[in-house]
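What follows draws every value from the coordinates through simple rules; no lab data is involved. Nothing here was measured: the structure is a model prediction, and the numbers come from that model. Please note: Cβ atoms are built from the backbone with ideal geometry, for glycine as well, and neighbour counts cover all protein chains shown.
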Amino acid sequence: MRKPVLTIFYQYNPWHSTIGGIQTLINTFIKYAPNEFEVRVVGTASDRTQTVGKWHQAELAGREISFFPLFTLENDNFRSLIPTTLKYTSALVGRNFASDFMHFHRLEPSLVALNWQGEKTLFIHNDIQTQIQAVGDKNAILWRRFPAAYFALENLLVSQFSQIFSCNTDSAQLYKQRYPLIQDRVAYIKNSFDNEIFYSVSQEQRDAQRRELATKLGLSEKTRFVLFAGRLHPQKDPILLVRAIAALNQPHTHLLIAGDGELAAKIRIEITQLGLSNRVTMLGAVPIQELAQLHRVSSVFVLSSAYEGLPLVVLEALASGTPVVSTRCGETPKLLTADNGVVCEQRSPECLADALEQVILHPENYPSASCVRTAQRYAAQTVMRDVYSDMFTRWEKRNFSAVGCVN
């Protein structure tokens, strides 16, 4: 019997992925795909040495996959005049990648797939209602300028999906209310972190690795690290966090910013103007193994976003035994309890600073064991096993029915 084929559609290169939770989640889907599946990715080339417009056989995390780059995208950490999603959707026109299973992580490319046969799944990674209505930079996403057009497009396309998965319970409920005829296809899905990469170590190891990093950066061994990791984009609002560090009266506290993006230059200016050059280090984009190490040496991870779904980086922090301070956005506040983090009720530097101080001064109130316990049910090995098991069961039923009809 042939293997069921899963084709994943997203504007990235799995081996040179840009910063973002979607890319990380897709790579986890690939890594933990059982051998019973054939996995294909329709993505982008990261440089001109890769041939676009043809299939390549390759390996990712020990898993054989087929990869089809539609065009070359050298750096998607920075927005261009033409949105990447639009370029990607346009490049799909005239092609047919119909498969047993098709996973879409953006709505727009599915416009080209309306007539493709197979089971289609849409993954919703943000609370789109909050995302479009958010105040601030109107250029953060194109649809914020044309919300009515987005919802019209959504209304046209959602009925083609066999499943609509959201990592945000509020967003899932909203879709059920907005589209009652397909509400049984909408479900909450747990985001998942790679538990082979993100894990906790003993307090002695944490302290030793923290002192080692402090020495490497020319800082006091007493330094406690605050970690931000993600794309430097208005959604993540890293400038709010930099201002919170200025308001934090803890001289031995140092902010690590792991990530890159369009706000990088503005953040550097803000750091200089606030006199924080000795209290903030911008690391740029870091490999995933290095990011895992940063989680393990940090006293607290901070999410300063304006809107979210359920960020993988929050799960990665908790799995590493690190408490989280978060703005009230997305699913994260539903994960945080009195012993694993703090939710800020106001999006202000002062509120963030108070929450950071609370965690840094009283680490005993946020034990690693409590953080890890919260993250455990989101471990990739468990979540992916269940997702793929359901997929395979549905595929077998469809094939059994087809054979029965022929006989």
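A compact table of results
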read-out	value
C-alpha center-to-center spacing [the stretch 284-313, the stretch 57-127] in angstrom	25
Computed Kirkwood radius, in angstrom, where 1/r is averaged over Cα pairs of the stretch 285-407	16.4
Theoretical gain in end-to-end length, D170 to L114 [0.36 nm per residue, Cα-Cα removed]	17.5 nm
Neighbour net charge for A258 - beta-carbon separation under 11 angstrom, K R +1, D E -1	-1
Residues whose placed amide H lies under 5 Å from that of L60, excluding near-sequence neighbours	I65
Counting DSSP beta bridges with both ends in the chain, the antiparallel % (nearest 5)	10
Nitroxide proxy distance, nm - points 7 Å out along Cα→Cβ at T272 and R178	4.2
Placed amide H near I8: partners under 5 Å, 5+ positions off or other chain	R40, V41, V42, H103
Packing rank of 84-93, 315-324, where each peptide gets the mean count of other beta carbons within 10 Å, highest leading	315-324, 84-93
The stretch 46-63 - phi-based ³J(HN,Hα) in whole Hz, Karplus 6.51/-1.76/1.60, Gly and Pro as x	9, 7, 7, 7, 8, 7, 8, x, 8, 7, 10, 8, 8, 10, 9, 6, x, 10
Hz values of 3J(HN,Hα) by residue in the stretch 300-305 - Karplus curve (6.51, -1.76, 1.60), Gly and Pro given as x	7, 9, 10, 10, 10, 5
Three principal axis lengths of the stretch 203-378 [C-alpha, angstrom, descending]	41, 35, 31
Evaluated over the chain, the Cα radius of gyration and Dmax, each in Å	21.8, 77
Largest-first principal axis extents of the Cα set of the stretch 291-341 (Å)	26, 22, 14
Calculated [θ] (222 nm, deg cm²/dmol) that DSSP helices of n ≥ 4 give over the chain, each run adding -39,500 (n - 2.57)	-11000 deg cm²/dmol
Potential extension, Q289-R48 segment - 0.36 nm per residue separation minus Cα distance	84.1 nm
